[in-house]
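The structure appears below as structure tokens.
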Amino acid sequence: MIRFENLEIVGWKHAIRGMRNPMNSWEKSDSCTQGCVWCNEFCGKPLPGCDKESGLYLGPNDLDLMKRLRNAGTDHRKFMRMITVYVDITAPLYWWKEMDTYQVGVVKNSCSTMHKIQAKEFTLEDFSCEHLTEQSRNVLNKIIETLNMYRALYIAKDDKKVDMYSVMSDECYAKYKKDIWWQMIQLLPSSYNQRRTVMLNYEVLANIYKARNIHKLDEWVEFCKWIETFPYKELITG
Amino acid sequence: QFKAVNDKQLGVCLRMLYAEGIQPIVNVVMNDKGKIEFNISIEKDQQTAEELKKRYEILIS
């Protein structure tokens, strides 16, 4: 399972301006990157091909140059590194492990398992388990049940008291809580879905698309399908 | 030496052992009815284990 939310693509204006710097050909630029507010409320001369939803229109001159630079290779298509993509991705840890291959030009900020693993009760919906057989799903349910038991112990308050006569020392109590926390951290399956806010760019997406388009993991196939919904996706997909 | 069938019993048992400075060995198993149980053992002499077991039985009763 993989989910994409809060997608935003920015930087077109600057990417186009920068793309034309080497040949000082700014006067040939024929795109409109004013944004959807301008497009819908102020623009009096819409161009054929305007996308009112994104407020982005690449003119034939700019698009032609972009495609030529794109096909010329990574050192010529620096403009693609300037088209920045922001998105929230919720995906299983086994997918993030592979996504973490992409480090250059990518920033990811994740929900912390270390700090917040106990924040909510674990449920089956927190895991990517659509391919599990009934038997495997039963095993996962038992793991979830065990995780929730440890969670209940971890979040319990005022539980230093052992019985009517004895109370745990601070040192002893800290060790007790830490050991319980370790049970949750090390028992957590890699099918656990984690949400991260990600910043990447068209260049990184082109690398990902080339490498992961036909991949064993459903999540990568979904990721590539998602890329195909982007404006001017041909810059990424070739 | 100890069996806990829910998080309350597990907490009682672990707190008792930690308070005594004993590191428990926790084994998670599934019973005949498919429910999770925790079997907890300690590396102590039999007399100490028996005393703690009695104390645990009182605490969870």
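The values are calculated or read from the model by the stated rules, or taken from the named source; none is laboratory data. Being a predicted model, the structure only gives us computed values, none of them experimental. Counting neighbours? That spans all protein chains shown, and the Cβs are built from the backbone with ideal geometry, glycine included. Surface accessibility is based on the protein's heavy atoms, side chains included, excluding ligands, DNA and RNA. Shrake-Rupley method; radii C 1.70, N 1.55, O 1.52, S 1.80 Å.
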Going residue by residue through region B:32-52, is there one that turns out to be under 18 Å from A:Met168 (Cα atoms), within 11 Å of another protein chain (Cβ to nearest Cβ) and either more than 10 Å from the chain's Cα centre (by Cα) or not in a helix (DSSP H, G or I) (or both)?
no
Somewhere in region A:129-146, is a residue within 13 Å of chain B (Cβ to nearest Cβ), in contact with a helix residue (DSSP H, G or I) (Cβ under 7 Å, 6 or more places away or on another chain) and closer than 22 Å to B:Gln23 by Cα?
yes
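If only one of A:Thr113, A:Thr133, A:Thr146 is under 27 Å from the mean Cα position of the chain (by Cα) and either open to solvent by less than 30 Å² (accessible area, probe 1.4 Å) or not hydrophobic (A, V, I, L, M, F, W, C) (or both), which one is it?
Checking each option against the conditions leaves just A:Thr113.
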Checked region A:1-27 for anything more than 29 Å from A:Cys224 (Cβ to Cβ) and either among the aliphatic types (A, V, I, L, M) or surrounded by 12 or more Cβ atoms within 10 Å (Cβ to Cβ) (or both); matches are A:Arg17, A:Arg20, A:Met23, A:Ser25
Does A:Ile180 fit the bill of being more than 30 Å from A:Met66 (Cβ to Cβ), of a type in the set (A, V, I, L, M) and touching a helix residue (DSSP H, G or I) at 6+ places or on another chain (Cβ under 9 Å)?
yes
Assess whether A:Ile180 counts as being under 16 Å from B:Tyr18 (Cβ atoms) and aliphatic (A, V, I, L, M).
yes
Kindly provide the set of residues from region A:219-235 that are surrounded by 15 or more Cβ atoms within 10 Å (Cβ to Cβ) and within 17 Å of the chain's Cα centre (by Cα), ordered by number.
A:Glu219, A:Trp220, A:Val221, A:Glu222, A:Phe223, A:Cys224, A:Trp226, A:Ile227, A:Phe230
Tell me yes or no: at least one residue of region B:8-23 is within 11 Å of another protein chain (Cβ to nearest Cβ), small (Gly, Ala, Ser), open to solvent by less than 60 Å² (accessible area, probe 1.4 Å) and in contact with a strand residue (DSSP E or B) (Cβ under 9 Å, 6 or more places away or on another chain).
yes
In region A:189-208, which residue that is under 15 Å from A:Trp95 (Cα atoms) and not in a strand (DSSP E or B) is least open to solvent (accessible area, probe 1.4 Å)?
A:Ile208
Would you be able to tell me the number of residues in region B:24-59 that are surrounded by 15 or more Cβ atoms within 10 Å (Cβ to Cβ) and within 30 Å of A:Asn141 (Cβ to Cβ)?
10
Is one or more of the residues making up region A:153-164 in a helix (DSSP H, G or I), open to solvent by 30 Å² or more (accessible area, probe 1.4 Å) and within 12 Å of chain B (Cβ to nearest Cβ)?
yes
A:Trp182, sole failed condition from (1) under 16 Å from A:His115 (Cα atoms); (2) within 12 Å of another protein chain (Cβ to nearest Cβ); (3) open to solvent by less than 80 Å² (accessible area, probe 1.4 Å)
(3)
